Amino acid sequence: MSKIFQTHRRKLIAGGVLIGGYVLVQTGTLPNPFYTNGVQNIEKRYSSGGASPNKTPAAATKRGHPDQVTSNTDTTKGVGTPHYEETFGEQKPDPSTFDKTWNRAQYHQDKGK
């Protein structure tokens, strides 16, 4: 063991320093040296264009506001939500007797799917 340390001493010390620095950055003890003011400004501009700071979402977000990065898919107003039931729920007609019988036979409930 001592012969390995003697021949590769600089490599082992450098590896230990690198691993120690990585652990300190990941635990938050040291700030990330690559997260500069320039990176923060780029993230703000990127997110104000409709993306989030670290990725482009698959759905559109509101433009011009860098802090608002949630898309409409995260705050849905579609079928099954209280907003839909309040706004459009009354427009669905009641099923007839034949429809209720069909739904009960096919889906085991009167309302259908």
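Side notes on the structure shown:
- For the set V23, V39, V79, the ranking by accessible area, highest first and with no ligand, DNA or RNA atoms included, is V79, V23, V39 under a 1.4 Å probe.
- Karplus (6.51, -1.76, 1.60) ³J(HN,Hα), θ = phi - 60°, over the range 96-108, in Hz, Gly and Pro reported as x: 6, 5, 4, 5, 4, 5, 4, 5, 5, 6, 8, 10, 6
The values are calculated or read from the model by the stated rules, or taken from the named source; none is laboratory data. Everything numeric in this text was worked out from a predicted model, so none of it was measured. These accessible areas exclude ligands, DNA and RNA; they are computed on the full protein's heavy atoms, side chains included. Shrake-Rupley method; radii C 1.70, N 1.55, O 1.52, S 1.80 Å.
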